[in-house]
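Enquirer: Next up is a structure, given as structure tokens.
Computed from the coordinates by the stated procedures, all read-outs in this text should not be read as laboratory data. Fair warning: this is a prediction, and the values are worked out from it, not measured in the lab. Glycine also receives a Cβ, built like all others from the backbone with ideal geometry; neighbour counts cover every protein chain displayed.
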Amino acid sequence: MEAIVEYCCGLDVHQATVVACLLAGPAERRPRKETRTFGTTTSELEELRTWLLAERCTHVGMESTGVYWMPVYNVLEECFELVVGNAAHIKNVPGRKTDVKDAEWIADLVRHGLIRKSFVPPKWQRALRDLVRYRRKLVESETAERNRLLRLLETCNVKLSSVASDVFGVSGRAMLRALIEGTATPEHMAKLARVVAPAPLACAAVRRARGSLRGGV
């Protein structure tokens, strides 16, 4: 099969090491092959970048396995045409596998243009996506904790969610604090909230709650 890339490199990326196989030479000839192993710290990845630039490498391929490829991508993306492929699409033939052979296989696929590139957003979009995803996780965690507290209150026969307009509002938090401290009377705690039920019902709910909390917590 005819090669289409003259200077390319295949990377087999792991947690602590990166095995790089460089293929260099005219497309119509057998390429020169050189394999080196680098660490995954920033300085060592910069050494990898310097070596590839000195060898006039233009294309670098790797598998998108786990998160180990991301730091490598961040260091190399401004200098090379990066080809990140799905591991299932570039799987080597069955047999004796080594890191060196995997790197050679990826380099050979890149040289012949046989790896379908996975979409990797630009750096600013990746940063924004990480921020949005982290915010969503925080919101989900907050919601989960609120639901856990509501379940605990119901288990202890606390009916705040039935009589208070917002259990987690300013007045609702004041009622929760009074329940935790155990210093306020049921009548006083009922007055702390904006209730959606008559005051006697709210007072009864809190009075029953205090007894349940003492016995169940």
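Enquirer: Excluding same-chain residues fewer than 8 positions from Lys159, which lysines have a Cα within less than 19 Å of its Cα?
Expert: Lys191
Enquirer: Next up: How long is the gain from Leu138 to Ala88 if the chain were fully straight, where each residue apart is worth 0.36 nm and the alpha carbon distance is subtracted?
Expert: In short, 14.7 nm is gained.
Enquirer: Excluding same-chain residues fewer than 8 positions from Lys33, which lysines have a Cα within less than 26 Å of its Cα?
Expert: Correct list for Lys33: Lys91, Lys97, Lys101, Lys117.
Enquirer: Give, in nm to one decimal, the length gained when the segment between Lys33 and Leu131 is fully stretched (0.36 nm per residue of separation minus the Cα-Cα distance). Kindly include the intermediate steps, with their values, before the conclusion.
Expert: On the way: separation 98, 0.36 × 98 = 35.28 nm, distance 4.11 nm.
Stretched out fully, the Lys33 to Leu131 stretch lengthens by 31.2 nm.
Enquirer: Return the equivalent ellipsoid semi-axes of segment 7-120 as a descending list in whole Å, where each equals the square root of 5 times an eigenvalue of the C-alpha gyration tensor.
Expert: 18, 17, 14
Enquirer: Okay, moving on. Given the peptides 62-68, 121-127, arrange them by the average over their residues of other C-beta atoms within 10 Å, most packed first.
Expert: Highest-to-lowest ranking by the protection proxy: 62-68, 121-127.
Enquirer: Ok, one more. Apply the Karplus curve 6.51 cos²θ - 1.76 cosθ + 1.60, θ = phi - 60°, to the phi angles in segment 14-20 and return the couplings in whole Hz, x for Gly and Pro.
Expert: Computed from phi, the couplings for segment 14-20 are 10, 5, 10, 9, 10, 8, 10 Hz.
Enquirer: Can you compute 3J(HN,Hα) from phi for each residue in segment 52-63, using the Karplus curve 6.51 cos²θ - 1.76 cosθ + 1.60 with θ = phi - 60°, rounded to whole Hz and x for Gly and Pro?
Expert: In residue order, the calculated couplings are 5, 5, 5, 8, 6, 5, 10, 10, 10, x, 7, 8 Hz.
Enquirer: From the backbone phi of segment 149-162, what are the Karplus-calculated ³J(HN,Hα) couplings (6.51 cos²θ - 1.76 cosθ + 1.60, θ = phi - 60°) in whole Hz, Gly and Pro given as x?
Expert: 5, 4, 5, 5, 4, 5, 4, 8, 6, 8, 9, 4, 5, 8
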